[in-house]
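Each remark here refers to the structure printed beneath this line.
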Amino acid sequence: MKIVFLDAATMGDASLEEIAKLGDFVRYDSSTPEQARERVSGADVAILNKVIVDRAFLDAAPALKLICEAGTGINNIDTELCRERGVAVRNVAGYSTDSVAQITWMHILNLAGLAFHYNAYARDGRYSAGGIHVDAGHPFTELSGKTLGIVGMGAIGRKVASIGEAFGMKVIYYSTSGTSHCRDYPSVSLDTLMRESDVLSIHAPYNTATAGLIGYAELCRMKKSAFIVNTGRGGIAKEEDLVRAIDEQVIAGLGIDVYEKEPLRADHPYLMSKYPERILLSPHIAWYSREARARLVREMAENIRKGW
C-alpha cells in the first residue's frame, strides 16, 4: 500500500512513525497543485491538510482509494466527486478539542485581563516611575456574571462553555445549522446572541450557512465593551468589518487565530488598525498542541487501518 502525505510540514515535529509502518510511506513537506497531482499518482492513500482535492487531482490518481484529512475541516475536498469516484474521505474529529479550548481562553483572558498591556507597563519603566503600586488608568474586566455567547455548540463550543461556567459566566449559543441539539444552554437567535454577549466565541465550521455570518450590521448590535474571539474558521466574521468595528470603537477587542487566507498577508487590515492593542493575533495555532498532534497521528493511522 502506497501512502503519500502531501503537506506534512503542517505537522511540525510530530512523529509520523505509526503511519509509516502501515505501508510504503512518502512524506512531502508541501505540494503545489501540480506537484500534488504528480505525487498522488499511483498512491492508494493520500494524507493532506490544505491541498485542494478537485477533478484534476482525482484524475491524476486512478489508484486512489482513501483520502485522510489531517484535521477536521474538509472544505478543501470535493466530497461529492470523491463519492462518485469511489474514493473514501475520512477526517479526524475531536482530536483538538482541549487544545482549541485552551487557546480560546488564552485569547479571552488576555483580552479581558489586559495581559499584554500590563506586561509592557511593568517592563518599559512606566510602572517604576508611576509613584503608586498599581496601574490606576487601566482596570481589567471581571468575567464572572458576564455572558459568554458561542457560535456553534459542538464539542469545542461545549468545552469552552464549561470553562466559562467555571468563571461564573452565563452561557448562550447560536446554532448555525438550526438544529440546537445542545440542551445544556439556551439556544438563541443571532440577533439576541450579538446583543447579549460580553464575549463572543466562534466555533462553527465554514460553509454556506456560516460564510460572512457576522458583518458590520451584526457587530453594531453588540455592547461597546464586548470581545470577539475566533478560533473556528476565518471568513465566518467578515475581517474588514471586524477591523472597522475596532477602529470605530463599536466593540472593545478581538482575539483571532484563523484567517480567510493563510498565512496572514503583510498588509491585512488586522495589521493596519488604529488600535493594534485591541487586536490579539495568533498564527492558526489553536489545534497545534503537542498532545493534539499526537492524537491526530494516531487517529489518521486508525483511519488507514480501517481500509475503505
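The values are calculated or read from the model by the stated rules, or taken from the named source; none is laboratory data. For clarity, every value in this text was computed on a predicted model and none was experimentally measured. Every residue, glycine among them, receives a Cβ derived from its backbone with ideal geometry; neighbour counts consider all protein chains shown. Protein only, heavy atoms only, side chains kept; ligands, DNA and RNA dropped before computing areas. Shrake-Rupley method; radii C 1.70, N 1.55, O 1.52, S 1.80 Å.
Being loosely packed, with under 13 Cβ neighbours inside 10 Å and either within 20 Å of E291 (Cα to Cα) or modelled with pLDDT under 95 (or both) is the requirement here; does G145 meet it? So G145 does not fit the description; no.
Residues in the range 210-245 that are over 25 Å from T72 (Cα atoms) and either touching a residue at least 40 places away in the same chain (Cβ under 8 Å) or open to solvent by 20 Å² or more (accessible area, probe 1.4 Å) (or both): Y216, A217, E218, C220, R221, K223, K224, S225, F227, E240, D241, R244.
Based on this model, can you work out whether I163 counts as buried (at least 21 other Cβ atoms within 10 Å of the Cβ) and either in contact with a helix residue (DSSP H, G or I) (Cβ under 8 Å, 6 or more places away or on another chain) or part of a loop (DSSP other than H, G, I, E, B) (or both)? For I163, the condition - buried (at least 21 other Cβ atoms within 10 Å of the Cβ) and either in contact with a helix residue (DSSP H, G or I) (Cβ under 8 Å, 6 or more places away or on another chain) or part of a loop (DSSP other than H, G, I, E, B) (or both) - is not met. Suppose the filter is of a type in the set (A, V, I, L, M), at pLDDT 95 or above and under 18 Å from the mean Cα position of the chain (by Cα); does L271 pass it? Against the criterion (of a type in the set (A, V, I, L, M), at pLDDT 95 or above and under 18 Å from the mean Cα position of the chain (by Cα)), L271 does not qualify.
Among the criteria (1) open to solvent by 50 Å² or more (accessible area, probe 1.4 Å); (2) more than 30 Å from G154 (Cα to Cα); (3) in a helix (DSSP H, G or I); (4) among the hydrophobic types (A, V, I, L, M, F, W, C), the one A129 does not fulfil is (3).
Of the residues in the range 196-209, how many are under 23 Å from I74 (Cβ atoms) and open to solvent by less than 30 Å² (accessible area, probe 1.4 Å)?
Of the residues in that region, 4 qualify.
Just to be sure before I move on: is G113 touching a residue at least 60 places away in the same chain (Cβ under 8 Å), open to solvent by less than 60 Å² (accessible area, probe 1.4 Å) and under 30 Å from R290 (Cβ atoms) in the structure I sent?
Numbers: touching a residue at least 60 places away in the same chain (Cβ under 8 Å): no; open to solvent by less than 60 Å² (accessible area, probe 1.4 Å): yes; under 30 Å from R290 (Cβ atoms): yes.
No, not satisfied.
Residues are listed down the side, and each one gets a yes or a no for (1) outside any strand (DSSP E or B); (2) of a type in the set (G, A, S); (3) closer than 14 Å to V151 by Cα:
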| residue | (1), (2), (3) |
| --- | --- |
| S225 | yes, yes, no |
| G232 | yes, yes, yes |
| E240 | yes, no, no |
| L254 | no, no, no |
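Among the conditions (1) in a helix (DSSP H, G or I); (2) open to solvent by 70 Å² or more (accessible area, probe 1.4 Å); (3) touching a residue at least 24 places away in the same chain (Cβ under 8 Å), E38 misses just one, which is (3).
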